[in-house]
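Here is the structure we will look at.
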Amino acid sequence: MQEANPDSSFEIVAREDFSDVTYLLEVRHPLMAKAARPGQFVIVMSHEHGERIPLTIADFDRARGTITLVIQAVGKTTREMQRNCTVGTHLYGIVGPMGEPSHIGNAKKVVCVGGGLGVAPVFPQARAHKESGAYVIGIVGFRSRDLIFWEDKFRANCDEFIICTDDGSAGIKGLVTEGIRQVLDRHGDIDELVAIGPPIMMKGCAAATRPRRIRTVVSLNPVMVDGTGMCGGCRVKVGDKVMFACVDGPDFDGHQVDFDDLMFRLQRFKPEEKLALERWQQGCRIEGRDAGRDS
Amino acid sequence: MVKKRTIRTIPQERTAIAEQPARERISNFGEVSCGYRQEEALRESERCLLCPEQPCVAGCPVGIDIPGFIHKIGEKDFRGAYDTLTDTNLLPAICGRVCPQETQCEGVCTVGDTLAPVAIGRLERWVGDMAIAEGWANVPYIEPNGFKVGIVGSGPAGMACAADMAKAGCSVTVFEAFHQPGGVLRYGIPDFRLPNEVIDAEIEKLTRLGIKFKCNTLVGRLFTIEEMVGEMGFHTVFIGTGAGYPSFMGIPGESLNGVLSANELLTRCNLMRAREFPAHDTPIELGRRVAVIGAGNTAMDAMRVCLRLGAERVYCVYRRTKAEAPARAEEIHHAEEEGIEFNWLTSPLEILDDGNRGVRGMRCQRMELGEPDASGRRRPVATPGSEFEFECDMVVFAIGTNANPILGQTSQIKLDKRGYIAADETLATSLDGVFAGGDIVTGAATVIEAMGAGRKAARAMKAYLGLRDTETIYSQAADSGEGRLFGIPPGERNYARLRVA
């Protein structure tokens with residue numbers, strides 16, 4: 001009756017698994033590839049009974065007409081997608097690009113910091129700053145060497161590139177804030193720092209730049225439903241204002257954001273998330289048993 | 001020959017409607033009102049005096065020929081009644097359920113001067129439901145005229161505009177950001193008031209007119225309004241995106257977990273089916289004691305949804321009295337029946353933290369009504385020393401909405417001071433060929449007002465395209481006016497084209 005999909009069927013045309021938990025999906029959506037700008041996100045619904053999850057656009061290829069999402073399997077939906085979203089399958093829904101694009105082009109020397117699930121979305125920002133003529137320093141953080149991905153893509157777009165690992169198995173041993181400290185010591189003329197990652201990491205980055213008053217942009221990813229400003233679930237405290245991350249952001253001034261509030265609000269559905277995941281894993285085990293019996 | 005009806009000869013009592021008993025319905029999402037049976041509808045139709053003044057028609061935002069359709073019910077010409085209704089209102093099954101009839105048609109009904117007014121809304125719904133059950137649809141012969149029309153938003157304003165433009169022969173595409181069409185009818189109004197099957201049936205009728213629905217499309221971001229009227233080749237565009245952007249009060253404790261907007265609660269529950277969690281993936285927090293702030297239709301929906309999700313006690317907190325409450329009378333009545341506890345003349349001051357970033361209660365103060373304010377309603381004034389606290393674990397804000405900023409962020413379209421889209425009396429905007437109507441122009445209003453705006457914009461859009469509007473009476477005076485070129489009146493777009501040529 002109704003066409004769920006405009007101009008494409010949201011086909012997954014490529015997939016890459018970076019590790020046990022991190023995977024990349026390249027989705028065909030020519031209009032979105034044309035419209036997307038660094039800093040924007042999409043909302044994905046993987047199946048008819050699924051939830052709507054916000055995911056930052058990690059890359060877009062206008063020639064191929066695709067956008068790229070890098071996903072960490074942490075909850076029920078993202079694990080289910082890890083299992084089901086193979087090349088040739090289709091997403092039930094994907095809408096965007098949402099949010100205000102990042103402001104690119106004013107800064108001459110920029111530090112782009114990505115940690116964990118923020119590594120992929122910071123890439124288009126690094127590339128855009130590079131294309132606009134800035135000197136770009138990339139800093140990415142992983143737990144260990146075997147989780148590293150896109151090193152070549154970053155190196156091709158960064159004038160300096162630093163990897164930090166928690167266990168020291170590659171690059172600097174320590175958090176991305178250690179990398180930032182070293183960069184700030186070497187460069188006195190940083191115009192801007194972009195940080196994308198878990199709230200605690202972005203909070204640390206903002207704290208690192210605050211004494212030097214370096215403009216610090218963070219990309220927030222709170223709980224959302226529609227992503228169009230209609231539900232207000234994503235409201236965040238920025239300075240003395242309450243803003244909706246989906247339409248007023250997702251980029252905000254990192255020195256103004258109340259990260260503690262954000263972190264508490266991210267806990268909102270903890271019990272439900274746990275229940276959904278357990279129930280799903282239970283279902284997978286039963287399915288696995290049945291499949292074993294059939295063969 | 002029908003005997004002339006008088007106020008003395010018609011059935012004196014308004015025909016009662018069967019409803020699910022309050023005790024049962026609070027544990028299901030089935031419809032509250034069961035609708036008339038045929039004999040009930042026939043009896044109620046006899047109560048219309050068919051008075052010559054027809055105040056009800058003027059009271060209807062879209063001007064339905066109300067005596068006309070009721071007369072046809074009385075003659076058992078049910079299909080005829082449906083045809084009369086759909087001449088002006090494409091969605092009778094929806095409007096019969098959600099219109100605030102007591103302030104519109106029924107509020108001015110002549111019978112209502114002496115007795116209870118004719119139950120126009122219930123009769124409209126009955127005809128609409130019969131049409132769905134029988135599969136009636138009025139698909140006129142449509143001659144394509146080659147014009148492409150884009151509609152932004154698939155809510156009531158967009159649906160009404162799309163239908164009129166499709167009937168005029170335009171190729172119409174409706175864009176919706178959500179994964180299902182219907183707008184507020186789908187995400188906002190709960191099933192117990194407007195079942196999804198009714199929305200599906202009405203949208204199905206629109207697709208039979210050739211209207212295409214494109215979901216998962218965020219206009220403004222995926223492409224702009226300017227691109228629509230430019231390279232995408234839409235000859236005219238209607239914006240009916242609704243207001244969205246829920247308001248909060250700015251009191252302490254609003255960012256606690258367990259505090260949310262009614263929009264979020266309703267979207268999770270209705271569109272995303274959180275009430276069937278975990279079979280559906282979207283979660284919703286379950287409050288045992290829920291306080292809902294506001295007393296409009298959205299507030300009533302939120303309270304009654306919470307009851308059905310299993311809340312033990314649901315409180316309404318409103319700073320004015322029941323008389324000023326903006327909700328439909330029937331909704332307040334149903335909410336009272338279901339055991340909602342109303343706290344009139346109460347204003348929240350603070351939401352209290354349970355120490356774990358959840359809600360443990362709310363601190364409020366009592367109000368009194370003072371002098372009338374700009375809205376004509378008496379302004380609530382705080383009573384000194386009346387502060388009190390009560391226990392609750394979830395707080396829902398249903399105090400209205402602000403303008404959604406997306407189209408303002410992404411196009412040059414002119415906005416008014418409050419951020420809504422500025423439109424003239426024909427609903428034309430500052431962009432050539434772009435019209436707007438509904439909540440995004442007026443601020444939050446009703447479904448039927450939005451539909452009225454959609455139809456009004458459609459008239460202007462037809463004139464803009466140079467299409468003759470069969471509903472506009474081209475009077476002699478207007479026809480012989482000054483300044484015509486080759487017989488084309490200045491109101492039509494072709495006139496401008498000729499002038500330019």
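Where a number appears in this text, it was derived from the coordinates with a stated rule and is not lab data. Just so it is clear, the structure is predicted and the values come from calculations on it, not from any experiment. In this analysis, Cβ positions are derived from the backbone assuming ideal geometry, glycine residues included, and neighbour counts consider all displayed protein chains.
Taking the alpha-carbon distance from residue B:456 and a cut-off under 30 Å, which lysines remain once sequence neighbours fewer than 8 residues away in the same chain are dropped?
Cross-link targets: B:72, B:148, B:167, B:205, B:212, B:214, B:414, B:417.
Taking the Cα centre of the stretch B:22-134 as origin, sum charge times position over the Cβ atoms of Lys and Arg (+1) and Asp and Glu (-1), and report the length of that vector in debye to the nearest 20.
Dipole size: approximately 320 debye.
With an 8 Å cut-off on Cα pairs and a minimum separation of 6 or more residues, tell me the relative contact order of chain B in percent.
About 14 percent, as a whole number.
Mind ordering A:200-209, A:14-23 by average Cβ neighbours within 10 Å, highest first?
The densest-packed peptide leads the list: A:200-209, A:14-23.
When you look at the Cβ of every residue in B:175-187, what mean number of other chain Cβ atoms sits within 10 Å?
4
May I ask you to derive the FRET efficiency for residue B:389 and residue A:210 from their Cβ-Cβ distance with R0 = 60 Å, giving the value to the nearest 0.05?
0.95
Students often check this: by mean Cβ neighbours within 10 Å, which of B:217-223, B:155-161, A:65-71, B:132-138 ranks highest, and how do the rest follow?
Peptide ranking by packing, descending: B:155-161, B:217-223, A:65-71, B:132-138.
If the cut-off is 19 Å between C-alpha atoms, which aspartates and glutamates fall inside it for residue A:241, apart from same-chain ones fewer than 8 positions away?
Partners found: A:100, A:251, A:253, A:258, A:260, A:261, B:254, B:350.
Go through A:150, A:112, A:222 and say which Cα lies farthest out towards the positive end of the charge dipole of chain A; charges sit on Cβ, +1 for Lys and Arg, -1 for Asp and Glu.
Checking the options against the dipole of chain A, the answer is A:112.
Could you work out, residue by residue across B:444-457, how many beta carbons of other chains sit within 10 Å of that residue's beta carbon, and then give the average as an integer?
0
Just tell me how shielded B:350-363 is by partners: mean number of partner chain Cβ atoms within 10 Å of each residue's Cβ, no decimals.
Per-residue shielding by partner chains comes out at 1.
When the Karplus curve 6.51 cos²θ - 1.76 cosθ + 1.60 is applied with θ = phi - 60°, which whole-Hz ³J(HN,Hα) does each residue of the stretch B:24-33 get, with x for Gly and Pro?
6, 6, 5, 10, 9, 9, x, 5, 5, 8
Given the DSSP H assignment, sum -39500 (n - 2.57) over each helix run of at least 4 residues in the protein assembly as shown and divide by its residue total; what's the result at 222 nm in deg cm²/dmol, nearest 500?
-9000 deg cm²/dmol
Give the span of chain B's Cα atoms along each principal axis, as three whole-Å numbers ordered largest to smallest.
76, 61, 51
At a 10 Å Cβ-Cβ cut-off, how would you order B:51, B:316, A:85, fewest neighbours first?
Neighbour counts put them in this order, fewest first: B:51, A:85, B:316.
Quick one: grab the alpha carbon gyration tensor of the stretch A:63-197, order the square roots of its eigenvalues as a ≥ b ≥ c, and give me rounded if a/c is under 1.5, else prolate or oblate depending on whether a/b is larger than b/c.
oblate
Among the lysines, which fall within straight-line cross-link reach of residue A:153, defined as a Cα-Cα distance under 24 Å, with same-chain neighbours fewer than 8 residues apart omitted?
Filter leaves A:34, A:108, A:109, A:130, A:173.
Among A:103, A:255, rank each residue by its count of other Cβ atoms within 10 Å, from fewest to most, as a rough exposure measure.
Least to most surrounded, the residues fall as A:103, A:255.
If you restrict to DSSP beta bridges whose two residues both lie in the protein assembly as shown, what percentage is antiparallel, to the nearest 5?
50 percent
Looking at chain B only, what percent of DSSP beta bridges run antiparallel? Nearest 5 please.
Taking every DSSP beta bridge within chain B, about 40 percent pair in antiparallel fashion.
Calculate the dipole size of the protein assembly as shown relative to its Cα centre from +1 charges on Lys and Arg beta carbons and -1 charges on Asp and Glu beta carbons; express the result in debye to the nearest 20.
620 debye
Using a 10 Å cut-off on Cβ atoms, rank the peptides B:366-377, A:133-144, A:224-235 from the highest mean neighbour count down.
A:224-235, A:133-144, B:366-377
Is the C-alpha gyration tensor of the stretch B:285-400 telling us rounded, prolate or oblate? Criteria: a/c under 1.5 is rounded; beyond that, a/b larger than b/c is prolate, otherwise oblate.
oblate
Run through the stretch B:174-273 and list the GluC sites (Glu not before Pro) located in a DSSP loop whose Cβ has at most 13 other Cβ atoms within 10 Å.
Within the stretch B:174-273, the qualifying GluC sites (Glu not before Pro) (loop, at most 13 other Cβ atoms within 10 Å) are B:231.
Could you size up the charge dipole of the stretch A:51-100 around its Cα centre, putting +1 on the beta carbon of Lys and Arg and -1 on that of Asp and Glu, and report it in debye to the nearest 20?
180 debye
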